[in-house]
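For reference, the structure is listed below as structure tokens.
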Amino acid sequence: MTNPNIIRLTGFIMPVGNGAVGKTSVSRILEYTSRGKKPNEEILLGIQKTKNLEFEYATTNQVFGNREFSITLQFLVPPGQKEEDGDPSGRSFQQVIEIFKETIRRLDVVIFTYDLSNRQSFQDLEYWADAVKELLNDASHMLLLGTHLDRNERIELTEEEITAGLAHLQKKVSDFRPGWKGKSAHLEVSNLTGENLELLLRYISGSIISSRRMMR
Amino acid sequence: MLILNALIVVVSAIILVGGLFVSFRIIRILRNYNLGRPWIILSSFIFFFLFGYGYIALRFLGINLISGLSIENLMTVIFLFSAIFVVTLSVLNLNLMRNVFGSGISDAEALNKFAQYVHMPVRKVRALAKRDYAVNCDACNMAVHYSIPNVVRAHPQIERGVVVDKGMGITSYRLYVRHFCGNGFREIPVSHDHKLEYRAKRPSRLV
């Protein structure tokens, strides 16, 4: 029996960023988190390089205000390889988008993913913002997601830089889509220890609801 | 006839031919980098010297191929071109040594050069740059001390030692810290933020 008071939603989320920053890992680990499980190294070791558009999903029940939602997070995970890299071992981001762009009807949340222990992966988000901007709509929400939070001593970015990066991202999207009214935030997580993953799940869920309300 | 003198000049000419082959090998390496021109000029000097040696050897044997050319005039010209040859070779060696061991500019000049290259006011660079940074070499595990002037001095062509990375509203400076380790030079790429604070390092590479 399904509870008629629960509002059911499916949101579309696309994580973008350089290869090996944790786009697929976050999507897969969130599925475990949504079932109340803790992530473990074994799951992470089983994750391979994305060579095409991969589909991962997680379903979570969340309460916002006095309403209960059952939200399915449909992740569309593209490769982190740039067209100009010329990597022949799989499709590049651009090739994948060229194939699937007709089927991507809307993106509720775009997750700009970078590795906190790799400064270059953060600065390269400039490239990914350009690459994904045409897929955004006026209500798409953005999340600047730093992974590998567990690498305490090897973190190469400061809070100040992350905040500046987020402001830069907002400006870039606003310049491209003057009508954009989506929200954005930054969050740092660890796929290994599970730190902040529940918060991430809740943030994405809330963003999907918010994005849908804006589109009404 | 001065047979012994002629023999010594011929041996000298053979040694010179050896030098010519070495020059050709250098040109073959450098032409890929568009740096072969000075060595082509040096090779033409060697050709000229060979001609002079041959002419003198023949004169010692009593053969005069060019009647209007006296030994005194030929020696004068050889002395002149020898001097030009030595100066050119010294300058090329100096440039090579600078590339390997760095140029001898002062800290202030090096900071000016850095500031100009990264488009940052010199005052700001002087205020932000620390006198000493340190990073551990991943090959020998020793602490490598460096400063921005050191990096600039070690790379007379500054773009080989300093790279500006811009993106997401922040600017980073990648410095290639040169360090003698084991049996050769290594370069450790280190990343500095917009305040010139050390942020990260990448695996080192042999130069």
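Restricting to region A:17-43, and then to whatever is touching a residue at least 40 places away in the same chain (Cβ under 8 Å), hydroxyl-bearing (S, T, Y) and over 18 Å from A:P79 (Cα atoms), can you tell me which residue is most open to solvent (accessible area, probe 1.4 Å)?
Result: A:S34.
Scan region B:37-65 for residues that are more than 20 Å from B:L16 (Cα to Cα) and either part of a helix (DSSP H, G or I) or open to solvent by 70 Å² or more (accessible area, probe 1.4 Å) (or both) and jot them down. Those that are more than 20 Å from B:L16 (Cα to Cα) and either part of a helix (DSSP H, G or I) or open to solvent by 70 Å² or more (accessible area, probe 1.4 Å) (or both): B:I63, B:N64, B:L65.
Checking the condition open to solvent by less than 20 Å² (accessible area, probe 1.4 Å), touching a residue at least 40 places away in the same chain (Cβ under 8 Å) and more than 9 Å from chain B (Cβ to nearest Cβ), which residue from A:S121, A:S184 passes? Steps first, please.
Details: A:S184 fails: open to solvent by less than 20 Å² (accessible area, probe 1.4 Å).
Selected residue: A:S121, the only one of A:S121, A:S184 that is open to solvent by less than 20 Å² (accessible area, probe 1.4 Å), touching a residue at least 40 places away in the same chain (Cβ under 8 Å) and more than 9 Å from chain B (Cβ to nearest Cβ).
Note on region A:44-65: among residues that are farther than 23 Å from A:Q81 by Cβ, among the β-branched types (V, I, T) and under 19 Å from the mean Cα position of the chain (by Cα), the one that is surrounded by the fewest Cβ atoms within 10 Å (Cβ to Cβ) is A:T59. Screening the candidates B:A129, B:A139, B:A83, B:A115 for the property of being free of Cβ contacts under 8 Å to residues at least 24 places away in the same chain and outside the structural domain of B:A13 (by TED's automatic domain parsing) yields one hit, B:A115.
Looking across region B:96-138, the residues that are at pLDDT below 90 and either of a type in the set (V, I, T) or open to solvent by less than 70 Å² (accessible area, probe 1.4 Å) (or both) come down to B:N99, B:V100, B:G102, B:S103, B:I105.
Identify the residue in region A:66-98 that is over 18 Å from A:D130 (Cβ atoms) and of a type in the set (S, T, Y) and, among all such residues, is least open to solvent (accessible area, probe 1.4 Å). Give the derivation first.
To start, the set of residues in region A:66-98 that are over 18 Å from A:D130 (Cβ atoms) comprises A:66-77, A:86-91.
Filter again for of a type in the set (S, T, Y), leaving A:70, A:72, A:89.
Numbers: A:S70: 14, A:T72: 35, A:S89: 57 Å².
Looking at residues that are over 18 Å from A:D130 (Cβ atoms) and of a type in the set (S, T, Y), I get A:S70.
Considered as a group, the residues in region B:154-191 that are within 14 Å of chain A (Cβ to nearest Cβ), touching a residue at least 40 places away in the same chain (Cβ under 8 Å) and open to solvent by less than 20 Å² (accessible area, probe 1.4 Å) include one that is nearest to A:L169 (Cα to Cα), and that residue is B:Y173. Considering region A:124-135, and only residues there that are of a type outside the set (S, T, Y) and open to solvent by 10 Å² or more (accessible area, probe 1.4 Å), the residue that is nearest to the other protein chains (Cβ to nearest Cβ) turns out to be A:E126. Considering the conditions (1) of a type outside the set (S, T, N, Q); (2) within 27 Å of A:N40 (Cβ to Cβ); (3) within 9 Å of chain B (Cβ to nearest Cβ); (4) open to solvent by less than 30 Å² (accessible area, probe 1.4 Å), A:I111 is excluded by exactly one of them, (3).
Among the residues of region B:1-36, just one is touching a Ser or Thr at 6+ places or on another chain (Cβ under 8 Å) and either among the aromatic types (F, W, Y) or open to solvent by 40 Å² or more (accessible area, probe 1.4 Å) (or both), namely B:F24. Within region A:146-168, residues that are within 11 Å of chain B (Cβ to nearest Cβ) reach partners that are open to solvent by 50 Å² or more (accessible area, probe 1.4 Å) and basic (K, R) with beta carbons closer than 8 Å, at six or more positions or on different chains, in the pairs A:E156/B:R199; A:L157/B:R199. Restrict the check to region A:69-80 and report whether at least one residue is within 14 Å of chain B (Cβ to nearest Cβ), touching a residue at least 40 places away in the same chain (Cβ under 8 Å) and not hydrophobic (A, V, I, L, M, F, W, C). No, that holds for no residue.
The values are calculated or read from the model by the stated rules, or taken from the named source; none is laboratory data. Owing to the predicted nature of the structure, the values given are computational and were not obtained by experimental measurement. We place every Cβ from the backbone using ideal geometry, glycine too, and count neighbours over all the protein chains shown. Each accessible area value is taken on the protein alone, full model and side chains, heavy atoms only, with ligands, DNA and RNA left out. Shrake-Rupley method; radii C 1.70, N 1.55, O 1.52, S 1.80 Å.
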